[in-house]
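**Q** What follows is a structure written as structure tokens; I'll ask about it next.
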Amino acid sequence: MLLRGCREHGDLFRFRLGLRECFLFIGPEAHDFYFRAPEDELNAKAVYQFTVPIFGRGVAYDVSPEVMAEQLGFLFPALREAAMQKFALIMYEETSLFADSLGEDGEVDLPVVMNQLTVKIASRCLIGEEVRDQMDAGFAEAYHDLQKGINTLGFFLPNLPTRAHRSRDRARRKVAELFSRIMAKRRLSGARPDDFMQTLMDARYKDGRVLSDDEITGILLTVLFAGQHTSSVLATWTGLELAKTPAYLARIRDELQDVYRVEGAMSLASLNRQVTLEHAVRECERLHPPLIVLIRKVLKPVHYGDYVVPAGALAMVSPAASHRLPNVFADPERFFPDRFTPPASEDKQHHYALIGFGGGKHQCMGKHFAYLQLKAIWTVLLDRFDFYLDTPIPTPNYGSWVTGPKRPCRIRYRRRSQASSLR
Ligand code: HEM
């Protein structure tokens, strides 16, 4: 429908979603305008209120955009190159453990196992090692209940006393207790691991104030929610597309041989050299962006060309629709990672052609982390296994906030006799 709207009306058009009036900005020029609009015109906070019961009071979309930016800004040092080096090793370790558990051959429901794997990686990298150790002692279950709190009803009425919302609130309290216990232990023992939790424990607001345990918990949950499910879904789509594209897969394996014959072990540097794999991931970002629409509330009338978008409406961009514009991406329905290779470099012909990680002030802070993780996971798995998908690639499940393939989504695997030199 969104693509038809664009064909018939151009790069800004209006439609209704229930009682809400919505406007879609579509195409690189319109995206540029949208992402540059000031917060008092196109506002994210007003739309993402449903996250407040999950992330908590006093953080993220419960505070002003300036304070939210300051809170997320504390984490930038924890995403610098030295940290990424360490994350690459954790990603390798966790995926190897998962690969070891698979045996010689079998079948898995890919979204389920990718979810389990990315929860482990995210909890170790994005929170702290202690949380990974608490996985079976209640964290995984609490996290699951928090995730169930993100539903269509919660989007409109986040505080309605439904069963899912009560479980969500119980789970939030449980996670807060768990994180507070870990922080208390660290303060008592003097242990200062180099991770997100410690970075926040050491941070100070501009006015010198330290963060409370509840604020730290909220910021960690913000990052976990922003980064885990999205990564799990894109990892799933990547596996599905590669299982269906043996010719490109063979090139990824050739690259793997070349890289690891020299590098030996996985590292940030080795993953950076895997450009053929990176282009496959980027093509999955294009064809299957986990967030299919980004939304802002219009607080003041917004002028775009000859048009005015009225206050009160919802303004959107849609990665899923924009990535299928034939004037931006040739033959857009085709899975064709070489579109990113020079001289075509279709993603570089326009600023904001590819918007799977958003843009402007709210641009994703975890894009490099996400790419590193997806490449690490599929390097280990493709090195050790052949994968077979006996059905067509499942269609997207648009009923979920983060858009993965419809389930079940089973894929067969068989251990390969000849792995590369990756240790
Ligand atoms: C495949 C994985 C990911 C995808 C597709 C993705 C996508 C996005 C998108 C589209 C936005 C913009 C939302 C908007 O404008 O309304 C966003 C924001 C954000 N992402 Fe990601 N993301 C991913 C992974 C991550 C990871 C791993 C982290 C953490 C390390 C992360 C942290 C964030 C945060 C904190 C924001 C909010 C930024 C703000 O509003 O200022 N994301 N992400």
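The values are calculated or read from the model by the stated rules, or taken from the named source; none is laboratory data. These numbers were taken from a predicted model, which means no experiment stands behind them. As a convention, Cβ positions derive from the backbone with ideal geometry for all residues, glycine included, and neighbour counts pool all protein chains shown. Only protein heavy atoms, including side chains, enter the accessible area calculation; ligands, DNA and RNA are left aside. Shrake-Rupley method; radii C 1.70, N 1.55, O 1.52, S 1.80 Å.
Matching residues to (1) touching a Lys or Arg at 6+ places or on another chain (Cβ under 7 Å); (2) open to solvent by 40 Å² or more (accessible area, probe 1.4 Å):
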| position | (1), (2) |
| --- | --- |
| S123 | yes, no |
| L126 | no, no |
| Q134 | no, yes |
| A142 | yes, no |
| N151 | no, yes |
| G154 | no, no |
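**Q** Follow-up question, since we're still on this one. Give me a count of the residues in segment 306-363 that are away from the ligand (no atom under 16 Å from the Cβ), surrounded by 14 or more Cβ atoms within 10 Å (Cβ to Cβ) and either acidic (D, E) or under 21 Å from E41 (Cβ atoms) (or both).
**A** Residues flagged as away from the ligand (no atom under 16 Å from the Cβ), surrounded by 14 or more Cβ atoms within 10 Å (Cβ to Cβ) and either acidic (D, E) or under 21 Å from E41 (Cβ atoms) (or both) within segment 306-363 amount to 3.
**Q** Give the number of residues within segment 93-109 that are assigned to a helix (DSSP H, G or I) and either more than 16 Å from the ligand (Cβ to nearest atom) or surrounded by fewer than 17 Cβ atoms within 10 Å (Cβ to Cβ) (or both).
**A** So the count comes out to 6.
**Q** Do we have any residue at all in segment 80-92 that's within 10 Å of the ligand (Cβ to nearest atom), open to solvent by 20 Å² or more (accessible area, probe 1.4 Å) and more than 22 Å from A353 (Cβ to Cβ)?
**A** no
**Q** Just for segment 27-55: of the residues that are within 29 Å of R166 (Cβ to Cβ) and in contact with a Lys or Arg (Cβ under 7 Å, 6 or more places away or on another chain), which one is surrounded by the fewest Cβ atoms within 10 Å (Cβ to Cβ)?
**A** That would be A46.
**Q** If you go through segment 104-120 one residue at a time, do you hit one that is within 16 Å of the chain's Cα centre (by Cα) and of a type in the set (D, E, K, R)?
**A** Looking through segment 104-120, at least one residue is within 16 Å of the chain's Cα centre (by Cα) and of a type in the set (D, E, K, R).
**Q** I'd like the full set of residues that are part of a strand (DSSP E or B) and open to solvent by 70 Å² or more (accessible area, probe 1.4 Å), limited to segment 389-423. Even if it seems obvious, please write down each step before you answer.
**A** Pass one, segment 389-423, residues part of a strand (DSSP E or B): 396, 405, 410-415.
Of everything in segment 389-423, those that are part of a strand (DSSP E or B) and open to solvent by 70 Å² or more (accessible area, probe 1.4 Å) turn out to be R410, R412, R414.
**Q** Can you spot a residue in segment 4-18 that is at pLDDT 95 or above, more than 30 Å from T391 (Cα to Cα), within 14 Å of the ligand (Cβ to nearest atom) and touching a helix residue (DSSP H, G or I) at 6+ places or on another chain (Cβ under 7 Å)?
**A** We begin by selecting, within segment 4-18, every residue at pLDDT 95 or above; these are 4-16.
Next cut, more than 30 Å from T391 (Cα to Cα) only: 5-16.
Then keep just the ones that are within 14 Å of the ligand (Cβ to nearest atom); that gives none.
No, that holds for no residue.
**Q** Moving on. Taking the condition over 24 Å from the mean Cα position of the chain (by Cα) and under 20 Å from P53 (Cα atoms), does D213 pass?
**A** On the way: over 24 Å from the mean Cα position of the chain (by Cα): yes; under 20 Å from P53 (Cα atoms): yes.
Yes: the conditions hold for D213.
**Q** Among (1) modelled with pLDDT under 95; (2) within 18 Å of Q198 (Cβ to Cβ), there is one condition F74 misses while meeting the rest; what is its number?
**A** Answer for F74: the failing condition is (1).
**Q** Could you check how many residues of segment 390-422 are more than 24 Å from the chain's Cα centre (by Cα) and among the aliphatic types (A, V, I, L, M)?
**A** Of the residues in that region, 2 qualify.
**Q** Is there a residue being outside any helix (DSSP H, G or I), within 14 Å of the ligand (Cβ to nearest atom) and surrounded by 20 or more Cβ atoms within 10 Å (Cβ to Cβ) anywhere in segment 369-379? Before you say what the answer is, go through the steps one by one.
**A** Step one: filter segment 369-379 for residues outside any helix (DSSP H, G or I), giving none.
Within segment 369-379, none of the residues are outside any helix (DSSP H, G or I), within 14 Å of the ligand (Cβ to nearest atom) and surrounded by 20 or more Cβ atoms within 10 Å (Cβ to Cβ).
**Q** Name the pairs: first residue in segment 227-245 and of a type in the set (D, E, K, R) and modelled with pLDDT of 95 or more, second residue within 8 Å of the ligand (Cβ to nearest atom) and open to solvent by less than 10 Å² (accessible area, probe 1.4 Å), Cβ to Cβ under 6 Å, at least 6 apart or on different chains?
**A** Pairs found: none.
To keep it simple, each residue is scored yes or no on (1) open to solvent by 10 Å² or more (accessible area, probe 1.4 Å); (2) within 22 Å of the chain's Cα centre (by Cα); (3) closer than 30 Å to I127 by Cβ; (4) not basic (K, R).
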| site | (1), (2), (3), (4) |
| --- | --- |
| A243 | yes, yes, no, yes |
| D254 | yes, no, no, yes |
| Q257 | yes, no, no, yes |
| V262 | yes, no, no, yes |
| A265 | yes, no, yes, yes |
| V275 | yes, yes, no, yes |
| A280 | no, yes, yes, yes |
| L294 | yes, yes, yes, yes |
| L299 | yes, no, no, yes |
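**Q** Could you list, in sequence order, all residues of segment 222-250 that are out of contact with any strand residue (DSSP E or B) (no Cβ under 8 Å at 6 or more places or on another chain) and away from the ligand (no atom under 15 Å from the Cβ)?
**A** K244, T245, P246, A247, Y248, L249, A250, listed by residue number.
**Q** Picking from R253, R273, R286, which residue would you name as being charged (D, E, K, R), modelled with pLDDT of 95 or more and within 14 Å of the ligand (Cβ to nearest atom)?
**A** Checking each option against the conditions leaves just R286.
**Q** Give the residues of segment 289-305 that are among the charged types (D, E, K, R) and within 16 Å of the ligand (Cβ to nearest atom), sorted by residue number.
**A** Those that are among the charged types (D, E, K, R) and within 16 Å of the ligand (Cβ to nearest atom): R296, K297.
**Q** Next up: Please go through segment 46-70 and give me each residue that is of a type in the set (D, E) and touching a helix residue (DSSP H, G or I) at 6+ places or on another chain (Cβ under 7 Å), ordered by number.
**A** Selection gives D62 alone.
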